[in-house]
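Read-outs: derived from the displayed coordinates by stated rules, not from any lab. On a predicted model such as this, the values are computed, not experimentally measured, just so you know. Virtual Cβ from ideal backbone geometry, glycine too; neighbours counted across all protein chains shown.
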Amino acid sequence: MFTLKRKEQFEQEIKKSRFSASAGPVATEEEARGFIAACSQRDAGHNCWAIRIGDLYRSSDDGEPGGTAGRPILQAIDGQKLDRVALVVSRWFGGVLLGAGGLVRAYGGTAAACLHAAERQPIIRFAALAVTCAFSDEARIRSGLGAFPAASAETNGFTPQGVQLQIKVPCEQLDDVVCMITDASRGQAKVQKSPG
């Protein structure tokens with residue numbers, strides 16, 4: 001699954017109506033609503049939008065006939081297998097009626113063209129490990145994490161014998177990181193999965 005690397009914009013004219021799309025990566029519904037508010041054009045007749053964040057999806061036709069704008073925008077997001085994306089398409093009416101089918105094609109097509117032009121990045125899912133190790137093993141564990149560029153470690157506390165680390169690691173590297181910690185501490189470190 002992919003998301004967008006950064007905000008992307010696309011504009012086109014269809015039968016004298018101007019359509020302007022803005023798409024961007026979002027992590028939460030609150031962030032998506034902020035993106036929609038920031039990208040909506042005050043002078044446009046309609047600011048239609050859709051968001052997809054995992055199982056959460058929302059869309060709005062913003063005054064266009066039901067199902068002719070928000071749903072096609074969402075279908076463009078889903079059709080390109082994207083997640084954690086918000087997309088706004090603003091329309092300035094040019095005097096020519098497009099009809100329901102024309103609106104679906106215009107909104108969906110503008111959204112799809114915007115997404116097609118956008119640079120993508122894979123969505124990396126992380127697991128969290130709570131590690132308790134001796135002070136003498138901490139440096140070896142942190143050094144070993146260098147082989148996993150996306151992993152990170154933070155000191156979470158201390159015990160009389162050592163240190164507690166919170167380690168975030170991509171899910172697909174979890175087993176390799178646990179093996180590295182076990183090797184670096186000669187089996188002495190305590191490792192357990194922790195929430196997020």
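Largest mean-square fluctuation among R84, R42, R52, in a Gaussian network model of the chain whose springs join Cα atoms under 10 Å apart, belongs to R42. With both labels modelled 7 Å from their Cα along Cα-to-Cβ, the F93 to Q192 distance reads 6.3 nm. Relative to the Cα centre, the charge distribution of the chain, modelled as +1 at Lys and Arg Cβ and -1 at Asp and Glu Cβ, gives a dipole magnitude of about 280 debye. Can you tell me how segment 81-154 classifies by the Cα gyration tensor, rounded, prolate or oblate, using a/c under 1.5 as the rounded cut? It comes out prolate by the Cα gyration axes. Under the combined filter of DSSP loop state and at most 10 neighbouring Cβ atoms within 10 Å, segment 87-196 retains these trypsin sites (Lys or Arg not before Pro): R125, R186. When the chain is treated as a GNM with alpha-carbon contacts under 10 Å, the residue of S40, S136, S59 showing the greatest mean-square fluctuation is S136. Between helix 135-144 and the chain there is an angle of about 40 degrees, using the helix long axis and the longest principal axis of the Cα atoms. Each principal axis of the Cα cloud of the chain was evaluated for its coordinate range; sorted largest first, these ranges are 76, 24, 22 Å. For segment 19-95, the residue among G63, I73, F19 whose Cα projects farthest onto the positive side of the dipole built from Cβ charges is F19.
Tilt of helix 70-79 relative to the longest C-alpha principal axis of the chain, in degrees (0 to 90, nearest 10)? With rounding to tens, the tilt is 50 degrees.
Within the straight-line cut-off of under 21 Å between alpha carbons, none of the lysines are reachable from K16, sequence neighbours fewer than 8 places apart in one chain being disregarded.
The mean of 1/r over all pairs of different alpha-carbon atoms in segment 144-196, once inverted, gives a Kirkwood hydrodynamic radius of 11.8 Å. With the cut-off at 27 Å, tell me which of the pairs K168/K190; K7/K81; K5/K190 have Cα atoms farther apart than that. Listed pairs above 27 Å: K5/K190. Think of segment 91-196 as a dipole: +1 on every Lys or Arg Cβ, -1 on every Asp or Glu Cβ, centred on the Cα centre; then among A113, I167, I124, A113 lies furthest on the positive end.
On C-alpha positions alone, give me the angle between the axis of helix 29-39 and the longest principal axis of the chain, in degrees, nearest 10. The helix 29-39 is inclined about 40 degrees to the chain.
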